[in-house]
Amino acid sequence: MGLLEFSEIKSKLERYCAYQERSVYEAEKKIKTFIVEDEKIELLISSLRSDGFLNQNRFVESFIQGKVNLKKWGKQKIRSGLIQHKISKELIDQGLQNIPKEKYNQNLSGLAEKKALTLKEGLSAFEKKGKVLRFLSSKGYSGEDFDCVDFSSLFTS
């Protein structure tokens, strides 16, 4: 099978980017699957950008929205995910500031309550709190986020 023409590759990449928001990093990885010379990679990326198929700001917004609303991730895990996509620190910080505080705190409290209900009987309140905090940390929440959770009410049932 021969190499694809530039226009064919561009067309495939446009469909790939139109399906869902992609980062430049994801697009570059996809381009490399087509075995393209290095100088054409930059040409394809700039073409996708100018045609509106690639937009880092849009990608960051979409990524954060999905992780907050669907996966209920905390800011640390979201930041880590965006770093893996090679997004700049400035864009990440800007995106994280736009997370609605009420929704974020709602997710955190909901996850804490749900986890507290799964803990077995016989554990002390201290042990239960430790397990809930570890769980929330694994979801990407950190110390300053925990202020909105009333831990005493979680374990008094």
Practice problem: Mind listing whichever residues of the stretch 116-157 are outside any loop (DSSP other than H, G, I, E, B), under 23 Å from Ile64 (Cβ atoms) and not hydrophobic (A, V, I, L, M, F, W, C)? | Solution: Ser137, Ser138, Gly143, Glu144, Asp145, Asp147
Exercise. Give Asp51, Asp38 a once-over and let me know the one that is exposed (fewer than 11 other Cβ atoms within 10 Å of the Cβ) and acidic (Asp, Glu).
Key: Asp38
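Throughout, read-outs are computed from the coordinates displayed, never taken from laboratory work. Quick caveat, the model's predicted, so the values are computed rather than measured. Backbone-built Cβ (ideal geometry, glycine too); neighbour counts: all protein chains shown.
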